Amino acid sequence: MRNAKITRNTLETQITVSINLDGTGISQFNTGLGFLDHMLDQIARHGMMDIEVNAKGDLHIDAHHTVEDIGITLGQAFAQAVGDKKGIRRYGHAYVPLDEALSRVVLDISGRPGLEFGCTFTRAAIGNFDVDLIHEFFQGFVNHANVTLHIDNLKGHNAHHQAETIFKAFGRALRVAVELDARMAGIMPSTKGSL
């Protein structure tokens, strides 16, 4: 099975992430940030990946370092777990609605980091969670997973719904992209021969 465990320790955060790309959506999160735990659960559940995150961060300052570093560490674990990328579908996309909200996520396990983030949240915070940190999470992820990621919230007026559709769509798009294609067994999905 394609799995990895990464630990990242800095003066600001201590984070361990485990991921199994061929899991069943089992998750366990201990980040100190309830809303982030809820969003990470969407990735695991809808991506059918087993993910465990344990994080201690300088939350007495704010959540920025913790959220960004979780994105970084999850990206590193993902990159290790996906391995040489032979036989994967490489591309994935998903549209996910939640009541009035609708988001689209399109990604390419390209070997190149890139984020296009098109979401204007209807409020600055969901509970006490700063919505700007959602962008920081995904930026950290793409920089270390080396994926190209386009995220667009197409509609919505409830910020919680906007965020949840993004994370659910991200999980589903990842699930498609890492899926092994029997017709591509042992083949690198690139005309360059590498990703």
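Every number here is computed from the coordinates shown, using simple stated rules; none is lab data. Since we're looking at a predicted model, the values are computed, not measured. Note that we place each Cβ from the backbone using ideal geometry, even for glycine, and neighbour counts take in every protein chain shown.
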Report summary line: Going through (1) among the small types (Gly, Ala, Ser); (2) surrounded by 15 or more Cβ atoms within 10 Å (Cβ to Cβ); (3) more than 18 Å from Leu149 (Cα to Cα) one by one, Ala77 fails only at (3)
Query raised in the report: Residues of the range 17-40 being of a type outside the set (Gly, Ala, Ser), outside any loop (DSSP other than H, G, I, E, B) and either surrounded by 18 or more Cβ atoms within 10 Å (Cβ to Cβ) or touching a Lys or Arg at 6+ places or on another chain (Cβ under 7 Å) (or both), which ones?
Result: Val17, Ile19, Asn20, Phe29, Phe35, Leu36, Met39, Leu40
Requested in this report: Within the range 115-138, work out how many residues are surrounded by 12 or more Cβ atoms within 10 Å (Cβ to Cβ) and either at positive phi or in a loop (DSSP other than H, G, I, E, B) (or both).
Outcome: 4
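The rows are residues; the columns are (1) among the hydrophobic types (A, V, I, L, M, F, W, C); (2) without any contact (Cβ under 8 Å) to a residue 60 or more places away in the chain; (3) touching a Ser or Thr at 6+ places or on another chain (Cβ under 8 Å).
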| residue | (1), (2), (3) |
| --- | --- |
| Leu59 | yes, yes, yes |
| His64 | no, no, no |
| Gln80 | no, no, no |
| Gly118 | no, yes, no |
| Ala124 | yes, yes, no |
Requested in this report: Filter the range 41-69 down to residues that are over 15 Å from Arg175 (Cβ atoms) and either assigned to a loop (DSSP other than H, G, I, E, B) or of a type outside the set (Asp, Glu) (or both), then give me how many there are.
Outcome: 15
Requested in this report: Of the conditions (1) under 21 Å from His46 (Cβ atoms); (2) surrounded by fewer than 16 Cβ atoms within 10 Å (Cβ to Cβ); (3) in contact with a strand residue (DSSP E or B) (Cβ under 9 Å, 6 or more places away or on another chain); (4) not aromatic (Phe, Trp, Tyr), Asp99 clears all except one; give me its number.
Outcome: (3)
